[in-house]
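Written below as structure tokens is the structure these notes are about.
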Amino acid sequence: MAKIAFLGLGRMGSGMAARMVAAGHKVAVFNRSPEKAAGFVSAGAVLAATPRAAAERADAIIAMVADDVASRAVWLGDNGALAADVAAGAFAVECSTLSRPWVLELAKHADTQGFRYIDSPVTGLPDAAAAGQLTLFVGANRDHLDAARPLLDPLCTNIIRFGEIGAGTAYKLLQNLLGSIQIASTAEALRTAELAGLDLAAVVDTLSRGGAASPTVVRVGRLMLDGIHDRDIAFTAALRLKDTRIGVEQADSLNAPATLGHAAYGIFGRLVEAGHGDLNETKVLDLLRE
């Protein structure tokens, strides 16, 4: 079995790290809030005080953190994972949803330190992470990915390579931007239905069976109908705003059309500015009711 360093034990990272422990790997974990690691330690993982300490002698380092700032903090610097003394040809696997410029910069840092870098954002909710049913969107050297597959298998049911480093992130950002548009438009549709006097339960049920349905529309439509946005949170409004922002930044950098993306960015910006950043992204319907 390999030695795996796992950086970040949030909603997604916890499930992913648990999969590596269950697969029998020697796992060292780092999290900015050490108390979240107690369950992993009892299951056999080692809690490290710094990312570098977690990564010492590792065969692979996997990160799942919130944003570019957190990613930079766990990888770079004297206590960052890239400063560790690792196994020859160790993999640096970044699974977080990050901006493409930062991913490309990070890949250069990793290459300089002798790591094989795998750009691997994921899709799936926390329950899928815990079940090992994620899909990985990969940008990487083909040979490096083939070598990394046995280590990545416990995390996922599917690995899709979109091209070289940066391609996985490029795809993830456009997918999440499309998701942001769908969530905002679902909220607008339900608010319109309310104002028209329609039965929202019937509307949500019919939308979920109709031609406009998608997994996102079905999921958020039901959550908006339930109206409970402060528990069992799969994805916060703040994270949705971050993903929407870096999605439109990518589109703008490519001179790509992003009118709807910018509209969604404005809506989620208002939601966070209203103080709802820690609530579920579906709180956006209440915003439209104000």
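For GLU188 and ASP232, calculate 0.36 nm times their separation in residues minus their Cα-Cα distance, and state this gained length in nm to one decimal.
Between GLU188 and ASP232, full extension yields 13.5 nm more.
With labels modelled as points extended 7 Å from the Cα through the Cβ direction, what inter-label distance (nm, one decimal) is found for VAL69 paired with THR259?
My value for the distance between the label points is 3.4 nm.
Hey, rough spin-label estimate for LEU178 and ALA22, points 7 angstrom out along Cα→Cβ, what's it come to in nanometres?
Reported label-point gap for LEU178 and ALA22 is 2.9 nm.
Would you work out the relative contact order for the stretch 40-122, in percent, from Cα pairs under 8 angstrom that are 6 or more residues apart?
Here the relative contact order equals 30 percent.
Could you please rank LYS283, LYS3, placing first whichever residue has the fewest other Cβ atoms within 10 Å of its Cβ?
LYS3, LYS283
For the chain, find the longest principal axis of its Cα atoms and tell me its angle to the long axis of helix 237-253, 0 to 90°, nearest 10.
With rounding to tens, the tilt is 80 degrees.
Read phi for every residue in the stretch 28-40 and hand back ³J(HN,Hα) as whole Hz from Karplus 6.51 cos²θ - 1.76 cosθ + 1.60, θ = phi - 60°, with x for Gly and Pro.
My calculation for the stretch 28-40 gives 10, 10, 10, 8, 4, 10, x, 4, 6, 8, 4, x, 6 Hz in order.
Between VAL218 and ASP153, what length comes free when the chain is fully extended (0.36 nm per residue of separation minus the Cα-Cα distance, one decimal in nm)? All intermediate terms of the calculation are to be shown ahead of the outcome.
Details: separation 65, 0.36 × 65 = 23.40 nm, distance 2.84 nm.
Taking 0.36 nm per residue and subtracting the Cα distance, the gain is 20.6 nm.
Tell me which label goes with the value of P(r) over Cα pairs in 10 Å bins from 0, in percent computed from the coordinates here: (i) 6, 21, 20, 13, 10, 9, 7, 7, 5, 1, 0; (ii) 6, 23, 22, 22, 19, 8, 1; (iii) 7, 28, 33, 21, 10, 2, 0.
(iii)
Quick check: pseudo-label points 7 Å beyond the Cα along Cα→Cβ at ASP143 and ILE160, how many nm apart are they?
According to this spin-label approximation, the distance is 2.7 nm.
Order of THR244, THR186 from fewest to most other C-beta atoms within 10 Å?
THR186, THR244
Among SER33, SER96, rank each residue by its count of other Cβ atoms within 10 Å, from fewest to most, as a rough exposure measure.
Ascending number of Cβ neighbours within 10 Å: SER33, SER96.
Can you tell me, using C-alpha contacts under 8 Å and at least 6 residues apart, the relative contact order of the stretch 3-165 as a whole percent?
21 percent
Give me the angle, in degrees from 0 to 90, between the Cα long axis of helix 11-22 and the longest principal axis of the Cα atoms of the chain, rounded to the nearest 10.
The helix 11-22 is inclined about 40 degrees to the chain.
Multiply the residue separation of ALA274 and THR206 by 0.36 nm, subtract the distance between their alpha-carbon atoms, and state the gained length in nm to one decimal.
Answer, rounded to one decimal: 21.4 nm.
Please give the residues of the stretch 17-53, grouped as numeric ranges, whose backbone N is less than 17 Å from a label point set 7 Å along the Cα-to-Cβ vector of HIS109.
Only 30-32, 50-53 fall inside the zone, counting backbone N under 17 Å.
Per-residue counts of other Cβ atoms within 10 Å, averaged by peptide: what ranking do you get for 267-279, 162-174, highest first?
Packing order, densest peptide first, comes out as 162-174, 267-279.
On C-alpha positions alone, give me the angle between the axis of helix 200-209 and the longest principal axis of the chain, in degrees, nearest 10.
The helix 200-209 is inclined about 60 degrees to the chain.
Rule-based calculations on the coordinates, nothing more; no lab input. Remember, predicted model here, so these are calculated numbers, not experimental data. Counting neighbours? That spans all protein chains shown, and the Cβs are built from the backbone with ideal geometry, glycine included.
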